[in-house]
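Participant: Shown below is the structure under consideration.
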Amino acid sequence: MRKALEQYLANEGNDILRDAEGIAELDRGESVDLDDVLQKARAIVDAAEHRHRRAG
């Protein structure tokens, strides 16, 4: 039982650390607005579709 608990905590501990690191990044303003990312992705796709149509 102890081994199972240690393994569980090791796995969950990594998840908690990643979450804490992500929250700290947000607190420091180290984030990107999702709408900006989606807008840039849409522009890339639109340009690729336009090139594809021109190429025939």
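Participant: Consider only pairs whose beta carbons are under 7 Å apart and that are at least six residues apart or on different chains; among these, list those whose first residue lies in segment 1-19 and is more than 24 Å from SER31 (Cβ to Cβ) and whose second residue is at pLDDT 85 or above and assigned to a helix (DSSP H, G or I).
Facilitator: Nothing qualifies.
Participant: Restricting the search to segment 17-56, which residues are among the hydrophobic types (A, V, I, L, M, F, W, C) and within 16 Å of the chain's Cα centre (by Cα)?
Facilitator: LEU17, ALA20, ILE23, ALA24, LEU26, VAL32, LEU34, VAL37, LEU38, ALA41
The values are calculated or read from the model by the stated rules, or taken from the named source; none is laboratory data. Remember, it's a predicted structure, so these values are computed and weren't measured experimentally. Using ideal geometry, Cβ is built from the backbone for each residue, glycine included, and neighbour counts are taken over all protein chains shown.
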